[in-house]
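Asks: The structure under discussion is supplied below as structure tokens; questions concerning it will follow.
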Amino acid sequence: MSSSHTRESWNQRRASLEIHSQAFVDGRYQPAVGGETFECISPVDGCVLAEVASCDQADADQAVAAARRAFDSGIWSRMAPAQRKQVMIRFADVIEEHAEELALLETLDMGKPIKDALSVDIPGAARAIRWSGEAIDKLYDEVAATAHDQLGLVTREPVGVVAAIVPWNFPLMMACWKLGPALSAGNSVVLKPSEKSPLSAIRLAQLAIDAGLPAGVLNVLPGYGHTVGKALGLHQDVDTLVFTGSTRIAKQLMIYAGESNMKRVWLEAGGKSPNIVFADAPDLDAAAQAAAGAIAFNQGEVCTAGSRLLVEASIKELFVQKVAAALKASWQPGHPLDPHTTVGALVDTGQIETVLRYIEAGHAEGAELVAGGHRVMQESGGLFVEPTLFDGVTNDMRIAREEIFGPVLSVISFDSFEEAIAIANDTVYGLAAAVWTRDLSKAHRAARALRAGSVWVNQYDGGDMTAPFGGFKQSGNGRDKSLHAFDKYTEIKSTWIQL
Ligand code: NAD
């Protein structure tokens with residue numbers, strides 16, 4: 001999606017932007033039951049965007065009850081898949097019709113460049129809804145290979161009430177990766193956006209109704225993790241909990257499920273992805289551009305950020321220079337509403353403090369700063385950090401082990417294939433990895449050896465709705481996108497009939 005807006009015209013649009021800030025339950029906006037609100041502050045300039053409903057246990061009870069009623073009524077859950085498909089496709093169309101409004105909400109709320117909100121987030125959200133909707137009337141159940149006097153049916157059913165808890169880095173797109181298959185499969189959903197980026201999800205709820213989704217099928221509860229998030233995690237009437245966020249909270253959700261009703265828990269969690277550049281990479285300039293983008297895109301607030309750059313020793317010096325040059329030329333912070341900006345604001349003061357602390361840790365542990373390293377544009381009132389490049393990193397340093405979730409890249413050198421794979425896999429995470437080589441056999445051997453849910457060869461961050469997305473190890477379980485995503489949102493039933 002493109003737009004002819006300038007920074008000035010986006011600012012004008014902002015002045016007339018209507019911001020919805022209430023919870024959405026059973027088809028209508030309402031304040032939190034307890035009347036609480038929290039301030040939604042823009043990281044772009046520190047302005048208060050809205051006072052947002054701060055939901056808690058009572059809101060969770062109401063929304064789950066509404067979702068359950070809608071599910072049991074069959075108005076959506078028993079609708080023919082071909083009809084559900086039509087609603088989902090309309091829903092995607094409506095998202096696209098509101099692309100500029102949603103993109104503006106996304107940028108103001110969490111700081112990403114408007115260019116990316118328009119070209120990545122909103123189209124990605126619409127694609128997830130449309131792709132899942134289009135798939136749902138093409139999925140067949142199974143007939144088991146039985147003896148002649150038996151009939152065995154293996155059928156998929158919607159699980160019931162799904163609670164979806166999502167993060168702030170791609171607020172609408174992460175929500176729609178869940179909503180696409182969850183709704184298409186016939187479930188009812190209670191969506192909890194991050195308290196750091198609630199606005200687009202709140203708006204989305206009304207758009208779903210406009211597209212024809214029955215009331216109660218999609219409910220949205222803004223609020224904090226330790227209040228309404230926890231209430232959903234512990235709820236006795238939530239059948240499935242799907243989550244994207246940090247590994248720390250993912251573990252907590254498993255505990256909630258065990259302490260309550262053993263709801264199914266599907267987790268997309270953190271990462272510390274290795275980007276491995278061998279000396280025989282087909283095009284070092286392209287690899288350097290990609291390495292820079294892999295850490296600077298979305299301010300490094302990407303679960304698959306290529307935050308560990310593993311470079312073969314013989315080309316390391318040259319390659320680091322190329323990455324530094326690419327960062328300088330293409331990835332410098334700017335005002336998020338300027339259509340040319342590639343690096344926006346970090347999401348909030350807590351996040352910028354975390355990133356600056358990791359930069360200090362890099363210095364303290366003896367890594368060598370090659371580029372960036374500072375907070376900039378403070379006069380704007382916004383939260384901006386230069387993309388930062390550390391060379392001379394070893395894999396035991398904190399900046400190599402811990403997910404920073406900011407634009408801080410660690411360069412680690414290696415001497416052999418075996419050493420590269422060992423370093424790459426020496427992490428608790430397993431979300432993604434990339435390999436650059438012109439040797440096909442080496443690429444395949446690396447892809448097999450890397451313990452990660454996605455492996456890219458001679459590119460970074462490829463894939464579309466057809467490719468499953470998710471993690472090995474502490475990066476989570478289950479997969480978003482592709483037909484595999486339906487595994488999260490359906491129960492398998494065996495029906496055995498005596499003929
Ligand atoms: P987070 O774990 O802090 O929060 C995620 C969501 O969980 C938010 O909605 C939050 O309110 C909620 N939450 C927090 N505490 C909770 C609790 N006790 N009970 C229930 N809910 C609770 O993560 P974040 O800071 O919003 O997002 C960044 C993280 O997300 C990073 O670790 C990143 O790698 C990960 N992420 C993963 C993927 C993926 O697909 N694997 C994609 C995007 C982001």
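The values are calculated or read from the model by the stated rules, or taken from the named source; none is laboratory data. This structure is a prediction, so every number in the text was calculated from the model and none was measured. Cβ atoms come from the backbone with ideal geometry, glycine included; neighbour counts cover every protein chain shown. For accessibility, only protein heavy atoms count, side chains too; no ligands or nucleic acids. Shrake-Rupley method; radii C 1.70, N 1.55, O 1.52, S 1.80 Å.
Asks: Of the residues LEU409, LEU383, LEU389, only one is within 26 Å of THR244 (Cβ to Cβ), open to solvent by less than 10 Å² (accessible area, probe 1.4 Å) and of a type in the set (A, V, I, L, M); which?
Replies: Criteria check complete, one pass: LEU409.
Asks: Condition check: over 29 Å from SER413 (Cβ atoms), out of contact with any helix residue (DSSP H, G or I) (no Cβ under 7 Å at 6 or more places or on another chain), polar (S, T, N, Q) and open to solvent by 20 Å² or more (accessible area, probe 1.4 Å). Does THR349 satisfy that?
Replies: Answer is yes for this residue.
Asks: While we're here: For region 164-196, how many residues are basic (Lys, Arg) and farther than 22 Å from GLU39 by Cβ?
Replies: 1
Asks: Tell me which residues, restricted to region 150-188, are surrounded by fewer than 24 Cβ atoms within 10 Å (Cβ to Cβ) and among the charged types (D, E, K, R).
Replies: Correct list: ARG156, GLU157.
Asks: Criterion first (more than 16 Å from the ligand (Cβ to nearest atom), without any contact (Cβ under 8 Å) to a residue 24 or more places away in the chain and either open to solvent by 10 Å² or more (accessible area, probe 1.4 Å) or in the same structural domain as ARG375 (by the TED database) (or both)) does HIS444 satisfy it?
Replies: The answer is yes for HIS444.
Asks: Same structure again: Among the strands (runs of 3 or more DSSP E) lying completely within region 196-310, list those that include at least 3 residues that are among the hydrophobic types (A, V, I, L, M, F, W, C).
Replies: Those strands (runs of 3 or more DSSP E) span 240-244, 264-268.
Asks: Let me ask something else. Quick check on region 174-195. Is at least one of its residues farther than 28 Å from ASN261 by Cα, in the same structural domain as VAL48 (by the TED database), out of contact with any strand residue (DSSP E or B) (no Cβ under 8 Å at 6 or more places or on another chain) and touching a residue at least 40 places away in the same chain (Cβ under 8 Å)?
Replies: Taking every residue of region 174-195 in turn, none turns out to be farther than 28 Å from ASN261 by Cα, in the same structural domain as VAL48 (by the TED database), out of contact with any strand residue (DSSP E or B) (no Cβ under 8 Å at 6 or more places or on another chain) and touching a residue at least 40 places away in the same chain (Cβ under 8 Å).
Asks: OK, next. Looking for something assigned by the TED database to the domain that holds HIS235 and within 16 Å of ASP210 (Cα to Cα) - is there at least one such residue anywhere in region 28-36?
Replies: yes
Asks: More than 14 Å from the ligand (Cβ to nearest atom), over 21 Å from VAL120 (Cα atoms) and over 18 Å from the mean Cα position of the chain (by Cα), is that true of VAL457?
Replies: Yes.
Asks: I'm trying to understand the selection: among the residues of region 205-228, which are within 9 Å of the ligand (Cβ to nearest atom) and open to solvent by 10 Å² or more (accessible area, probe 1.4 Å)?
Replies: Once the filter is applied, which keeps residues that are within 9 Å of the ligand (Cβ to nearest atom) and open to solvent by 10 Å² or more (accessible area, probe 1.4 Å), region 205-228 yields TYR224, GLY225, HIS226, THR227.
Condition check ((1) away from the ligand (no atom under 15 Å from the Cβ); (2) within 16 Å of the chain's Cα centre (by Cα)) across all residues:
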residue	(1), (2)
SER119	yes, yes
ILE129	yes, yes
GLU134	yes, no
PRO171	no, yes
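Asks: I've got another one for you. Mind checking which residues of region 465-490 are open to solvent by 30 Å² or more (accessible area, probe 1.4 Å), touching a residue at least 12 places away in the same chain (Cβ under 8 Å) and more than 15 Å from the ligand (Cβ to nearest atom)?
Replies: THR466, LEU483
Asks: Within region 196-204, can one find any residue that is open to solvent by 10 Å² or more (accessible area, probe 1.4 Å) and either within 16 Å of the ligand (Cβ to nearest atom) or not assigned by the TED database to the domain that holds VAL44 (or both)?
Replies: Yes, because at least one residue in region 196-204 is open to solvent by 10 Å² or more (accessible area, probe 1.4 Å) and either within 16 Å of the ligand (Cβ to nearest atom) or not assigned by the TED database to the domain that holds VAL44 (or both).
Asks: Does region 267-282 hold any residues that are out of contact with any helix residue (DSSP H, G or I) (no Cβ under 6 Å at 6 or more places or on another chain) and either more than 8 Å from the ligand (Cβ to nearest atom) or of a type in the set (Phe, Trp, Tyr) (or both), and which are they?
Replies: Residues satisfying the conditions are LYS272, SER273, PHE278, ASP280, PRO282.
Asks: I'd like to know if region 307-323 contains one or more residues that are at pLDDT 95 or above and under 30 Å from GLU8 (Cβ atoms).
Replies: Looking through region 307-323, none of the residues is at pLDDT 95 or above and under 30 Å from GLU8 (Cβ atoms).
Asks: I'd like to check something: does region 319-332 contain any residue that is under 30 Å from GLY381 (Cβ atoms), within 16 Å of the ligand (Cβ to nearest atom) and touching a Ser or Thr at 6+ places or on another chain (Cβ under 9 Å)?
Replies: No, the conditions are met nowhere in region 319-332.
Asks: Something else: Return the total of residues in region 392-405 being open to solvent by less than 60 Å² (accessible area, probe 1.4 Å) and under 22 Å from PHE319 (Cβ atoms).
Replies: The qualifying residues number 7.
For (1) at pLDDT 95 or above; (2) within 14 Å of the ligand (Cβ to nearest atom); (3) outside the structural domain of PHE71 (by the TED database), each residue gets a yes or a no:
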{"position": "LYS230", "(1), (2), (3)": "yes, yes, no"}
{"position": "ASP237", "(1), (2), (3)": "yes, no, no"}
{"position": "VAL242", "(1), (2), (3)": "yes, yes, no"}
{"position": "SER246", "(1), (2), (3)": "yes, yes, no"}
{"position": "ILE249", "(1), (2), (3)": "yes, yes, no"}
{"position": "SER260", "(1), (2), (3)": "yes, yes, no"}
{"position": "VAL265", "(1), (2), (3)": "yes, yes, no"}
{"position": "LEU284", "(1), (2), (3)": "yes, no, yes"}
{"position": "ILE295", "(1), (2), (3)": "yes, yes, yes"}
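Asks: Something else now. I want to confirm something. Restricting to region 402-426 and keeping residues that are of a type in the set (Asp, Glu) and within 16 Å of the ligand (Cβ to nearest atom), which single residue is farthest from the chain's Cα centre (by Cα)?
Replies: This residue is GLU402.
Asks: Find the residue count for region 240-279, including only residues that are buried (at least 23 other Cβ atoms within 10 Å of the Cβ) and of a type in the set (Asp, Glu).
Replies: Residues meeting the conditions: 1.
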